[in-house]
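Written out below as structure tokens is the structure these notes cover.
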Amino acid sequence: MSELERAAELILDAETVVALTGAGASADSGIPTFRGKDGLWNRYDPRELATPEAFAKDPEKVWKWYLWRRKKIAEAEPNDAHRILARMEEEGLLEAVITQNVDGLHQRAGSERVIELHGNIWRDECIDCDYERMNDPERGEGLEYDELPPRCPECGELLRPGVVWFGEPLPPDALVEAEELARGCDVMLVIGTSGEVRPAADLPVIARQHGARLIEINPSETQLSHHMHVCIRERAAPAMRRLWEEIRAMR
Ligand code: NAD
Ligand code: ZN
């Protein structure tokens, strides 16, 4: 039996399937990853920009980087990996997507239950008060500001992008929900994550400890590969297309 057939069989036999996605799931939409072959961001070191310290030191520079990323994301389209996950949920084959991505492409592809562990790049949040707003790029929002860094309309303090930076805690509700899903699922489909960012990388381990089977879709071996029951060494979009064909043929 091929790895693909085994994956399809595990999914069809499972009661609860959950997907965990990372930057690699959006790579086929043309959005660069942090790590891996094509993950180098011209002249920027993400780790030196995506931190509270970097923002405190030079908020304008950090904002410029985020506006550049927003532009790239606004120009991108969901790929077949996003679309097939949405379709699987619609057909009752997938419970939820837990994502480390901040691009919102799962929602754009039609996924309903998306748990965002690292926030959403389209949100602006005040660093001081409770003010926040969600920008809609389709309406041209959040792509440029009259003043950089932008300021809170309520209190005048700085606004920041609504993402989790290195060294910051994850949104507690999202983490609790993700851990519950990890403990309760029979299969976790781990797509395009290097497994180097914790606590997201712990979720497959938690799932496995609670009896789940793990399927990895990633062209490269990762920190998580040795925990996997099935590994599909292919890019996310073609792998999900072939997996979906296999599932449909077996159903
Ligand atoms: P990562 O950059 O650490 O790892 C990316 C992984 O994707 C690697 O294992 C690589 O082998 C794999 N990959 C590359 N191309 C792929 C493809 N076409 N199909 C499938 N897999 C592919 O990403 P991470 O594990 O998600 O962690 C990085 C952090 O960076 C996350 O916290 C995330 O929030 C953030 N990030 C988000 C985005 C986004 O929202 N699209 C993009 C970059 C980084
Ligand atoms: Zn404010």
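The values are calculated or read from the model by the stated rules, or taken from the named source; none is laboratory data. In this text, all values refer to a predicted model and were calculated from it rather than measured experimentally. Virtual Cβ from ideal backbone geometry, glycine too; neighbours counted across all protein chains shown. These area figures cover heavy atoms from the full protein model, side chains too; ligands, DNA and RNA do not enter into them. Shrake-Rupley method; radii C 1.70, N 1.55, O 1.52, S 1.80 Å.
In table form, for the structure just shown:
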{"read-out": "Cut-off under 5 Å, modelled amide H: who pairs with G119 long-range", "value": "V164"}
{"read-out": "Part-to-part distance (alpha-carbon centres) for the range 146-181 and the range 225-239, which is given in Å", "value": "31"}
{"read-out": "Over the chain: helical MRE at 222 nm, DSSP H runs n ≥ 4 each giving -39500 (n - 2.57), nearest 500", "value": "-11000 deg cm²/dmol"}
{"read-out": "GNM result for the chain, Cα springs below 10 Å: residue of D128, D202, D186 fluctuating most strongly", "value": "D128"}
{"read-out": "Kyte-Doolittle mean at least -0.5, axial Cα span of 20 Å or more - DSSP H helices of the chain", "value": "236-250"}
{"read-out": "Table column - 3J(HN,Hα) (Hz), the range 104-116, Karplus curve with 6.51, -1.76, 1.60, x for Gly and Pro", "value": "x, 6, 4, 5, 5, 7, x, 5, 9, 9, 10, 9, 9"}
{"read-out": "Sequence-distant residues sharing a close amide H with T16 (under 5 Å, placed H)", "value": "D186, V187"}
{"read-out": "Bins of 10 Å from zero: percent of alpha-carbon pairs in the range 1-140", "value": "10, 35, 33, 15, 6, 0"}
{"read-out": "Solvent-accessible area, 1.4 Å probe, carbon plus sulfur percent, for the chain", "value": "43"}
{"read-out": "Tail fraction, Cα-Cα pairs, the range 117-167, threshold 19 Å, whole percent", "value": "24"}
{"read-out": "Label-point separation in nm, E180 to S220, each point 7 Å along Cα→Cβ", "value": "3.5"}
{"read-out": "3J(HN,Hα) from dihedral phi, the range 134-140, Karplus parametrisation 6.51/-1.76/1.60, rounded to Hz, x for glycine, proline", "value": "9, 8, 10, x, 4, 9, x"}
{"read-out": "Long-range HN-HN contacts of I98 with modeled amide H, under 5 Å", "value": "A19, L20, T21, I115"}
{"read-out": "Cα shape, the range 62-183, gyration tensor, a/c 1.5 rule", "value": "oblate"}
{"read-out": "DSSP beta bridges in the range 1-160 [antiparallel fraction, %, rounded to 5]", "value": "45"}
